[in-house]
Structures are given as structure tokens and as C-alpha cells.
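Colleague: Below is one structure. I have some questions about it.
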Amino acid sequence: MTQSISKLRNIGIAAHIDAGKTTVSERILFFTGVNRKVGETHDGQATMDFMKQEQERGITIASAAITAHWNGYQINLIDTPGHVDFTVEVERSLRVIDGMVAVFCAVGGVEPQSETVWNQADKYRVPRIAFVNKMDRTGADFNEVVGQMHKYLGANAVPLHLPIGAETTFEGMVDLVQMNSVRFVEKERIVGPIPENMMEQAQEARRNLIEKVADLDDEIAELYLEDAEIPTDKLMAAIRKATIKLMMVPVLCGAAYKNKGIQLLLDAIVDYLPSPNDLGAVIAHDPTNEEKTYRRNPSENEPFSALAFKLINDPYVGQQTFIRIFSGKLTNGMSVYNTNKLKNERVGRIFRIKAKEREEINEANAGEIVALVGMKYTKTGDTLCDESQPILLESINIPPAVIEMKVNLEDKKNRSKLSEALAKLCNEDPSFHAHFDEETEETIIAGMGELHLEILVDRLKEEFKVPVTVGAPSVSFRETITAPFECNYRFVKQTGGKGQFAHTVIRFEPNPGGGFEFVDITKGGVIPKEYIPSVQKGLAAAMNKGPFAGYPVVDVKCVLVDGSSHPVDSSDMAFQLCAQMCFKQAFMKASPVLLEPVMKVEINTPDDYIGNVTGDVNKRRGRIEAMRRFRKGSQKLDAFVPLMEMFGYATALRNLTSGRANYSMEFYQYMPTPKDKQEEIVKERNQKE
């Protein structure tokens with residue numbers, strides 16, 4: 001039976017790689033009774049990391065969804081990856097959750113991917129609480145992490161806990177809301193009075209907490225100014241309200257691996273993170289008029305609306321489509337409308353998911369996250385709704401693929417098996433692309449990073465049983481123009497009988513950041529209106545493979561200025577070909593440039609090696625943006641470096657710093673390649689072809 005919507009919590013757990021997200025998730029599953037024994041990432045037994053590739057590497061790759069219960073509340077939990085190559089997994093999870101637990105390592109503090117995830121959560125306005133994990137580790141510093149949250153994330157981080165001890169002496173925490181101490185023996189929590197030697201510190205921290213809350217809540221401010229006793233329930237209600245409004249971030253601490261602090265984290269999820277009711281209506285657009293909006297309240301009495309946010313190919317039940325229901329009710333066998341594909345879908349079966357296991361249910365209501373079987377057309381980011389009241393929900397932002405790799409079959413007989421497997425993987429992961437190059441007869445796959453492609457190749461071999469060999473990864477360049485050029489092109493073909501005729505005058509202009517834009521200013525008449533889409537289609541086709549070096553063309557505005565047609569010889573195909581030829585001719589005269597993916601790189605290095613590291617970044621055509629003190633004896637360095645210079649960087653950095661530095665990188669943007677490099681790349685590309 002579905003919980004009342006006010007007792008539902010859709011939450012995500014997100015953080016930098018190795019902060020302990022999956023360990024926190026596993027402890028949550030243990031303490032909520034989902035699992036009878038605790039799964040560990042280091043021995044490949046984690047429930048949430050159920051893919052073979054995750055178990056081998058001890059990292060999370062795909063976001064896993066699971067349902068648990070705590071004190072009468074239903075928690076739909078999504079554990080997300082920390083590695084930047086799988087940032088799209090985090091992005092699509094944040095789009096459908098109501099609240100987030102941000103996990104920070106008490107030693108590492110605010111790390112590069114923590115900032116990325118935090119910014120993604122800001123974009124989707126997701127309320128969050130912070131859990132400072134690994135308080136039992138050498139170098140753990142709770143106050144330092146809270147300070148970094150203020151400094152680097154701009155968060156109003158307010159501690160609700162005061163750790164009792166740290167590193168090997170970490171025992172538990174003082175709960176500043178309840179004003180008691182909580183210690184942990186085995187898997188039990190023992191509540192007691194605050195230790196005498198910490199009473200003064202605890203009172204000071206409680207005063208600080210109340211001051212922070214009083215700034216955000218009038219009722220608490222009044223009681224505080226009157227020096228009156230503040231009831232615990234009123235304080236908790238004020239913290240909850242401020243958290244949901246994104247005005248503060250409650251900070252808790254613990255050591256998940258040692259089972260310390262998880263019950264208090266579960267209490268905080270229930271007490272401070274929102275139910276779908278708290279966040280209210282979702283805003284949707286009219287499919288035919290973007291300016292017209294609709295509100296869909298989280299109620300089963302409203303018309304049905306849901307967003308598909310993930311696809312998984314399950315060997316037992318087939319493709320599962322994960323959806324978040326925003327309004328209405330979904331039942332088995334019901335027909336729903338896919339607004340993006342303009343198709344009706346029939347719901348085969350509905351599952352509540354426990355990582356790789358599943359429980360079949362007959363219906364699901366507003367606020368729930370479930371998996372559907374039987375969807376034929378639905379992809380990530382599609383809106384499902386009531387056919388009589390179609391709407392379009394905000395979709396999911398998919399970053400561009402920046403790295404390519406050639407995949408060759410060991411046995412050509414497996415070609416259809418390979419294309420089937422790649423189609424399934426592309427369906428599952430919208431940041432992964434694959435295409436067959438007719439000229440070189442090679443399959444090219446593209447993704448977000450080396451690890452991303454390595455995992456997908458591994459899945460091809462293990463899961464889909466397609467033996468493949470791979471070439472070295474290469475950079476996915478783009479082409480564009482930097483100057484305007486107007487081209488007058490006449491396409492005439494006489495082959496006896498009916499000929500082909502099309503004539504276009506198109507002005508091509510740089511369109512930085514605007515993608516491909518087509519504008520018709522002919523006001524009709526010069527070219528019959530049925531052929532205008534043909535011109536646009538021909539231009540779009542020509543942009544798939546640029547004339548400069550064969551890479552996709554981006555950021556070009558094409559303005560149709562003039563043209564003419566023939567009453568007999570003009571056709572759809574003639575205008576498509578004319579537009580393509582016009583584009584190819586103009587492109588080379590419009591000062592073309594190659595664009596290369598530039599990565600935002602963050603390096604943490606001890607002071608002793610800062611000279612070596614900066615020298616190496618400069619050598620790689622990098623631009624150092626900022627250097628800041630990370631903690632005593634080490635610094636953080638922010639730089640922008642072209643991806644083609646970053647292959648093998650992990651090994652180089654290890655050698656430069658005796659293995660003491662680490663780095664992370666994420667895609668920043670496409671930028672022009674220097675002229676000398678450009679010539680080198682074009683020459684190399686031409687030789688290959």
C-alpha cells in the first residue's frame with residue numbers, strides 16, 4: 001500500500017567519489033530493515049552497486065533506486081555516482097528527487113565533484129542536508145568541512161551536531177536540537193546526557209544554531225529576543241521550513257562504516273527534507289504554446305503526469321523505464337500519452353524497485369518513483385501524461401560527448417549483435433553515442449570520459465557477449481565559422497527526361513553558443529513554401545560532417561535570403577542537395593575553425609610540488625585560473641586544459657608528485673584550437689581517410 005503523500009520522501013545521495021555515499025546508502029538499507037546484513041563496497045557486496053563493473057571497481061556507475069521505510073515514512077532513495085564521467089546520472093536523478101543528502105568526507109572536505117553536484121542541485125532548487133562522514137579517519141575535522149561549505153559552496157551550513165571526539169576517539173555526537181549526547185555501541189544508539197567537559201561548548205553551539213534559525217524565522221526570533229525557552233518542536237519546524245526554502249543546510253556528522261550516526265541521519269531525512277506536498281505544484285508547458293503553462297499538484301485527483309528519467313535493460317523482464325509521478329494515479333494496463341514522441345503507450349507492469357530486485361504493484365500515485373515495463377517509445381527526459389490534457393515537463397540537460405573511440409569486431413558475423421547492443425546502451429545512457437562510419441567501416445563510440453567508455457566497452461563484452469577490440473581514445477572535435485559569407489548556388493542536373501533544379505541564396509553567420517539556427521527571410525514566393533523545410537533539412541544533413549576536417553558543425557546561423565525554382569524540375573531532393581552544396585562551398589570561405597573540448601581541471605597538490613604541477617599544466621596548453629590554500633601544506637589549483645592534452649594525465653601527475661596529488665576534471669566548453677594545432681589535426685585526419 002502506498003504511504004500518504006506527506007509521509008513520502010524522494011531523496012538522492014550525492015557527493016564526490018570516495019566520500020562514502022554507497023556505504024551511507026547500505027547502512028540506511030540495513031537500519032530500515034531492507035537488508036538483513038550490511039553490504040560493503042570494498043568486497044563487492046553493496047546492494048546499490050549491483051553491476052559487475054561497479055563491484056570490480058568499488059565505485060557507483062549507475063544511479064540505483066530503492067524503497068525503504070523508517071518510523072512510518074516511505075523513503076525512495078537514489079544513490080548516485082561520484083565520478084564526473086557519470087555526471088548525467090546525477091543530473092537526471094536531481095531532476096526527479098525532492099531532497100538530497102550531500103555526503104562530505106571529514107578529511108577531504110569540499111572536493112571538486114562536491115561543487116559540481118552542489119551546483120546541479122542549485123539549478124534544480126533541491127533542498128539538502130549535509131552529512132560529514134568518516135569522522136573516525138585520521139585528519140577528520142568537522143568544523144573545517146563546515147567552513148569549506150560556506151566558503152566554496154556559498155551554503156548557509158548550520159551544524160545540528162557537535163562531534164564527541166574525532167579520528168580514533170570519535171564516539172558519537174551532541175545533538176544540538178534535543179540537547180543530549182548520542183553514542184553508538186555495535187549497531188545500537190545510546191542516548192545520554194551531554195558530557196560535562198563539553199557542556200559549555202554545546203551551549204555555545206546551540207546558541208549559534210538558534211541565532212541562525214532566528215534570522216530566518218520570525219517566531220523563533222521573537223522567543224530568542226525575549227530570552228524565552230524555545231520548544232524543540234518549534235525549533236525543528238523552523239529548521240524544516242528554512243531547509244525546504246533553501247535558506248539553510250543542516251549539517252550532521254558520523255562514521256557510516258562504523259555504523260555511527262545513520263539513525264540520526266534517517267531522522268533528519270524525515271524531519272527536515274520535503275515531501276512532494278511541501279514542494280507543491282510542478283510547472284509544465286503547453287506542447288503547442290511554450291508561453292502557456294499549467295500547474296500539476298501532487299495529488300491523485302489531478303490529471304496524470306510523469307517524467308521518464310532513466311532506462312535499464314533487464315535480462316529478465318526487458319527494458320525498465322524509471323518514472324517520477326508528479327500528479328494523478330497510474331494503474332496496470334493504463335494508456336498514457338508521450339508528449340515528446342506524440343505516441344500513446346500502454347503500461348504493461350509497474351514495479352517498485354529494490355536495486356536489482358523488484359516488487360510488482362498494481363498502482364502508483366503522485367510523488368512515487370517506480371519502474372514500468374512495456375514502454376516502446378519512451379526515452380530519458382520524455383513526459384508521460386493524460387492524453388486528454390497533454391503537457392510538457394522540463395526535460396533533462398544532457399552534456400555533449402567529448403571523447404571518441406573506435407570499436408572493431410573480432411568476428412564480422414557479430415555486426416547485427418553489436419548494433420543491437422549499442423542501441424540498447426544509447427537508450428539507457430543519453431550521454432553515450434555510437435555511429436557506423438561508412439567510409440572507414442568502423443564503429444565510433446563517444447562519451448563523457450575515458451572511464452565512461454571503458455565501462456561501456458566492458459558491458460559490451462560481459463553483458464551483451466560481443467567480443468570487440470578498441471582503438472585508443474580520441475578527441476571529439478567540432479567545426480564552426482568565424483566570419484559571415486553569402487553564397488548563391490544553383491543546382492542543375494539534366495540527365496534526359498525530368499531534370500533537377502534548385503536555386504538558393506543563403507547567408508551563413510557565426511552563432512556562438514546558439515547551435516544551428518535556420519531563418520527564412522524570403523517572405524515566401526521565391527521558393528515554394530513546401531521546399532523551405534527541404535532547404536533546412538539539407539543544411540542540417542551537411543552539418544553532420546563538416547567540409548574542414550569531417551567533424552560535426554556547430555553554432556552557425558543560416559539565413560535564406562533568396563532563391564528560385566522550376567515548375568517541373570524542382571523537388572524536395574533537389575533543394576536538399578542544393579542547400580548541402582551551398583553550405584559546403586560557403587563554409588570554406590567563412591574562415592572555418594576547429595573547436596576542441598576544454599576541460600575544467602582541479603588539482604589538489606602538496607606545496608612542495610606546486611612548481612612542477614603548474615609547469616606541466618602550462619606545457620599542456622592549460623590556463624591556470626586560480627590557486628587557493630586547500631588546507632595546511634596543500635593547495636588547490638583550478639585550470640582549463642584542452643582534453644587532447646589530458647590523456648594519460650593520471651600517470652604523469654603521480655610521477656610529478658610521488659603519488660601525493662590528485663585531480664578531477666569535467667567538460668567546460670568547446671573553444672577554438674590554435675592555428676598550428678588545427679593544421680596538424682586536419683592533416684592527420686586527412687591522412688587517416
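Any read-out appearing in this document is the output of simple, stated calculations on the displayed coordinates, not a laboratory observation. These numbers come from a predicted model, not from an experiment. Heads up, the Cβs are rebuilt from the backbone with ideal geometry, glycines too, and the neighbour counts pull from every protein chain shown.
Colleague: Within segment 377-394, which residues have the backbone N less than 20 Å from the label spot 7 Å out from Asp286 along Cα→beta-carbon, could you tell me?
Modeller: Zone members listed by number: 383-394.
Colleague: Can you give the FRET efficiency for Lys589 and Met179, using 1/(1 + (r/R0)^6), R0 = 45 Å, r = Cβ-Cβ distance, to the nearest 0.05?
Modeller: 0.05
Colleague: Give me the one-decimal nm value for the distance between modelled label points at Glu222 and Ser416, 7 Å along each residue's Cα-to-Cβ direction.
Modeller: 7.6
Colleague: If each residue of separation counts as 0.36 nm, what is the full-extension length gain between Lys498 and Asn612 once their alpha-carbon separation is subtracted?
Modeller: Value of the extension gain: 34.0 nm.
Colleague: Set the bar at 27 Å for Cα to Cα. Now go through Lys493/Lys584; Lys498/Lys557; Lys412/Lys584 and name every pair that lies beyond it.
Modeller: Lys498/Lys557; Lys412/Lys584
Colleague: Given R₀ = 30 Å, what would the calculated FRET efficiency be for Lys234 paired with Ser6, taking r from the Cβ atoms and rounding to 0.05?
Modeller: My answer for the efficiency is 0.95.
Colleague: Assigning unit charges at the beta carbon (Lys, Arg +1; Asp, Glu -1) and nothing else, what dipole magnitude in debye, to the nearest 20, does the chain show about its Cα centre?
Modeller: Here the size comes out at about 1460 debye.
Colleague: Another question, then. Residues of segment 402-428 with backbone nitrogen within less than 14 Å of a virtual label 7 Å along the Cα-to-Cβ line of Ala472, please, listed as ranges.
Modeller: Only 404-406 fall inside the zone, counting backbone N under 14 Å.
Colleague: So how much slack lies between Glu462 and Glu167, counting 0.36 nm per residue of separation and subtracting their Cα-Cα distance, in nm?
Modeller: Stretched fully, the Glu462-Glu167 segment lengthens by 102.1 nm.
Colleague: Let me ask something additional. With each run of n ≥ 4 DSSP H residues scored as -39500 (n - 2.57), what mean residue ellipticity at 222 nm is computed for the chain after dividing by its residue count and rounding to the nearest 500 deg cm²/dmol?
Modeller: Result for the chain, helices only: -8500 deg cm²/dmol.
Colleague: Using a cut-off of 11 Å between beta-carbons, work out the net charge of the residues near Phe464 (Lys and Arg +1, Asp and Glu -1, Phe464 not included).
Modeller: With Lys, Arg at +1 and Asp, Glu at -1, the net is +1.
Colleague: Here is a follow-up. Of the peptides 385-393, 499-507, how do they stack up when ordered by the mean number of other Cβ atoms within 10 Å, highest first?
Modeller: Descending packing order for the listed peptides: 499-507, 385-393.
Colleague: Right, something else. Quick one: if you stick a label point 7 Å off each Cα along the C-beta vector at Asn156 and Met627, how many nm between them?
Modeller: Going from the Asn156 label point to the Met627 one covers 3.6 nm.
Colleague: For labels at Glu442 and Met198 in the simple 7 Å Cα→Cβ model, what's the distance in nm?
Modeller: With each label placed 7 Å out from Cα toward Cβ, I get 6.0 nm.
Colleague: Here's something else I'd like to know. Which of the listed residues, Met448, Pro467, Pro430, is farthest toward the dipole's positive end in segment 403-476, when Lys, Arg count +1 and Asp, Glu count -1 at the beta-carbon?
Modeller: Of Met448, Pro467, Pro430, it is Pro467.
Colleague: Distance from a point 7 Å along Cα→Cβ of Arg189 to each backbone N in segment 262-289: keep the residues under 13 Å and list them by number.
Modeller: 262-272
Colleague: Arrange the peptides 591-600, 604-613, 674-683 so that the one whose residues have, on average, the most other Cβ atoms within 10 Å appears first.
Modeller: 591-600, 604-613, 674-683
Colleague: Whole Å is fine, so just give me how far the alpha carbon centre of segment 536-574 lies from that of segment 579-647.
Modeller: Answer, in whole Å: 34.
Colleague: Which FRET efficiency value, to the nearest 0.05, do you get for Lys523 and Ala483 by plugging their Cβ-Cβ distance into 1/(1 + (r/R0)^6) with R0 = 22 Å?
Modeller: 0.25
Colleague: Suppose we keep just the DSSP beta bridges with both residues in the chain; what percent of those would be antiparallel, to 5?
Modeller: 80
Colleague: Next up: Using +1 at the C-beta of Lys and Arg and -1 at the C-beta of Asp and Glu, which of Ile75, Cys487, Ile230 has the Cα lying farthest in the positive direction of the dipole of the chain?
Modeller: Of the listed residues, the answer is Cys487.
Colleague: Moving to a separate point now. Using 0.36 nm per residue, how much length does the chain from Tyr124 to Thr651 gain when fully extended, once their Cα-Cα distance is taken away?
Modeller: 186.1 nm
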